[in-house]
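Asker: My questions will all concern the structure given below.
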Amino acid sequence: MANFSNTKYSNIARPYALAAFEYARDKEQLQTWKAFLGSAATTATDATVAKLLNNPETSPEKLYELFSGVLTSLLDAERKNLLKLLAQNRRLMVLPEIAAIFNNLYAALEKTSTVRVITAINMSKEYEMKFAQALSKRTGREVTLECEVNPSILGGAIIHIGDRVIDGSIRGKLTRLYQSLTG
């Protein structure tokens, strides 16, 4: 699943995500809520939908109708209520962050972590396995790697673990060196 996290909305999204998570956990509906929030986040990040979300002339009712129409197969009364609440408060744009926080809470409950690793070149499968094992040992959780290649980092790696970022890239080190010399 894509990582929708946008720290700009973390403080707004956290109470919604926590309430949804606690409700889903108590009702044993974590998987269905995870699927719903993932789909809702994908909907909110669509370019056309994002324009509507940012347009003050689009009424909350129209936005709710749009989301409930797209997500109809995933809705029940509680999920409809969440969409209505977010629409009324003009907060549907925080759905990607709500989904990301919900997924982090779910992973913590399951003692799993998805770690995003960005490298300049592809890692071999053998190295990926060793890296995941080392992270699992260090974190005490089962680790799943999401590997990306971005040649612009020049070498090394950028590692995203939850909301922490470890920048061990050569580009990052050069940037920090430059800043210390000029700052």
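Here, each number is a calculation from the coordinates, and none is a lab measurement. What you are looking at is a predicted structure, and each value in this text was computed from that prediction instead of being measured. Here the Cβ is made from the backbone with ideal geometry for all residues, glycine too, and neighbour counts use every protein chain on show.
Asker: Starting from the range 26-53, take each residue that is closer than 14 Å to Gly69 by Cβ and list its partners that are surrounded by fewer than 16 Cβ atoms within 10 Å (Cβ to Cβ) and basic (Lys, Arg), counting only C-beta distances under 8 angstrom and pairs at least six apart or across chains.
Answerer: Leu52/Lys62
Asker: Let me ask another. Kindly check whether there is at least one residue in the range 143-152 that is aliphatic (A, V, I, L, M) and loosely packed, with under 11 Cβ neighbours inside 10 Å.
Answerer: no
Asker: Here's something else I'd like to know. Does Ile170 count as in contact with a strand residue (DSSP E or B) (Cβ under 8 Å, 6 or more places away or on another chain) and not basic (Lys, Arg)?
Answerer: no
Asker: Also, quick follow-up: Across the range 59-88, which residue is farthest from Ala35 (Cα to Cα) among those that are small (Gly, Ala, Ser) and part of a helix (DSSP H, G or I)?
Answerer: Ala87
Residue-wise test of (1) surrounded by 15 or more Cβ atoms within 10 Å (Cβ to Cβ); (2) more than 30 Å from Ala132 (Cα to Cα).
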position	(1), (2)
Tyr9	yes, no
Ala17	yes, no
Glu22	no, no
Ala41	yes, no
Lys62	no, yes
Ser73	no, yes
Lys84	yes, yes
Asn104	yes, no
Val117	yes, no
